[in-house]
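First up is the structure itself, then whatever we jot down about it.
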Amino acid sequence: MADTTVIDVHTHYVPRGWPDLGAGLPWLRLDSEREATIMLRSAEFRRIRSTSWDAEARLADMAADGVDVQVVSPTPVFFSYTRPAGEAAKVARIFNDLALEICAPAPERFLPFCQVPLQDPDAACAELDRCLAAGHRGVEIGNHVGDADLDDDGVVTFLRHCADAGAPVFVHPWDMPSSPRLERWMARWLTGMPAETHLSLLALILGGVFDRLPRSLRLCFAHGGGSFPLWVGRMDNAWRCRPDIVGTSEFPPSHYLDRFSVDSVVFDERALRLLVDTMGDERVLLGSDYPYPLGERPVGAVVRGAGFLTERQRHRLLGGNAATFLAGD
C-alpha cells in the first residue's frame, strides 16, 4: 500500500555509550564496533548488535522491510524499578537523553519514548514532563513495579498524569517470575510474558482503573496483549458467576476492550485474526519487537500477508491506528 505510512510502535534501543553506573545496575560490555552484551553484574543478559544504537543500521533495515517510522522505546531491563527511586531517576535521565541522540539523525523516522522511575509517582511525572519538553513522544512503562500492578495507587497517579499531558503509554512486560520450571526453552519469555500482560490488563479492569481514569488515556500493550484476548469470554463468565470475587469493576471485562490497544507481533495469521475479531480493527497496531531475535522480520509480514484483512483494515494496522495512538486524534 504505497499511500500508507508504515509505523512500527514496538522497537527498542540500547545506547552504545551506556555507562557502568555500578550498584548492580545493568551495564554494556562492548565486544566490537558492531556488537555488545548487556550485563547484569558479571552475567551475560543479552547480546546485541549495532542495530540497537546505530541510526543508519536501523534505517537500512527499515528500508528493507518497508517501514517508514519507528517508535523507539527503552529495553525494559534498564527500567530499574527495583532500585531506590533516586537511582532509577538518574538512570532514566541518562537513558532518555541518550535516546534523543540515537533518534537525532532522522527525527521524522524515529519517535523516542522515554522511561520513568515508576516506583516514585512524583519523580515519574516530573521525568515525563522533562522528556516531553525535550522531544520525546510518549513513555514506555513496565507492567508492574515489584508486587504492585497497574491498579496500584502510585501507578494510577502516573497514568492520570499521562492522560492530562496527552502522552501515549506503551506497556511492556518485564521481570517475569522465575522458577526451575521456567528456565528451560526460554519459557519465561514464551509463557511468562503473555501471562504478565494478561494479568496487568486484568488489574486495570477488575482494579477499577478504567472506571476511574479518563478515556483520553492512550494505552498500547505489547505482544498482542499477551494471553488476554483469548480469554475474554472466560473472564466475563467469572465476572458473572463469581461477583463476590471477580465482579469488582462496574462492567464485565469485555466492556473495556475499547480502552486500550495492542500491537500485532503475534507471528501467526490465526492469532492476528483473533486480535482483530476481539479488539476491532482500530485497536491493533503494527509492532515487531525490533531489533531482538524474537521479533518479527520482515516487519509486518503477517499483517501484509493476512488474507482475511480488507485493504482498509490493512492500512489501519500498518500505520493508521498508530498515527491515531501517537497523535490522540
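No value in this document is a laboratory result; all are computed from the given coordinates. Since the structure is predicted, the reported quantities are computational estimates derived from the model, not experimental observations. Cβ placement follows ideal geometry from the backbone for every residue including glycine, while neighbour counts extend to all protein chains displayed.
Couple of notes before you dig in:
- Nonlocal amide H pairs with residue 53, under 5 Å, H built at 1.01 Å: 14
- Taking label points 7 Å from Cα along the Cα-to-Cβ direction, residue 82 and residue 21 give a separation of 1.5 nm.
- Reciprocal of mean inverse Cα separation for the chain (Kirkwood radius, Å): 20.1
- Summary of the geometry: segment 114-187 and segment 7-42, compared by the centres of their Cα atoms, lie 19 Å apart.
- DSSP loop trypsin sites (Lys or Arg not before Pro) with at most 10 other Cβ within 10 Å excluded, longest remaining stretch of the chain: 42-183
- Long-range HN-HN contacts of residue 45 with modeled amide H, under 5 Å: 38, 39, 40
- Percent RCO, i.e. relative contact order, over segment 77-232, from Cα pairs under 8 Å lying at least 6 residues apart: 20
- 3J(HN,Hα) from dihedral phi, segment 188-203, Karplus parametrisation 6.51/-1.76/1.60, rounded to Hz, x for glycine, proline: 4, 7, 7, 10, x, 4, x, 5, 4, 5, 4, 4, 6, 5, 4, 5
- Mean separation of Cα contacts under 8 Å, 6 or more apart, over the residue count of segment 209-329: relative contact order %: 25
- Taken about its Cα centre, segment 264-324 carries a charge dipole of about 120 debye when Lys and Arg each add +1 at the Cβ and Asp and Glu each add -1 at the Cβ.
- Under-5 Å amide H pairs with residue 106, H placed in peptide plane, nonlocal only: none
- Across segment 288-293, rounded Karplus estimates of 3J(HN,Hα) from the backbone phi angles (6.51 cos²θ - 1.76 cosθ + 1.60, θ = phi - 60°) give 9, 6, 4, x, 8, x Hz, Gly and Pro being marked x.
- Isolated Cys residues of the chain, judged by Cβ distance under 4.7 Å to other cysteines: 103, 125, 162, 220, 241
- Centre-to-centre, using Cα atoms only, segment 281-329 and segment 195-273 are separated by 20 Å.
- With a simple spin-label model that places each label point 7 Å from the Cα along the Cα-to-Cβ direction, the separation between residue 47 and residue 33 comes to 1.9 nm.
- Take every Cα pair under 8 Å whose residues are at least 6 apart in sequence, average their separation, divide by the length of segment 10-327, and the relative contact order is 14 percent.
- Signed unit charges on C-beta, dipole axis of the chain, positive-most listed residue 162, 95, 264: 264
- Only Lys, Arg, Asp and Glu carry charge here, each on its Cβ (+1 for the first two, -1 for the last two); on that basis segment 148-264 has a dipole of about 280 debye about its Cα centre.
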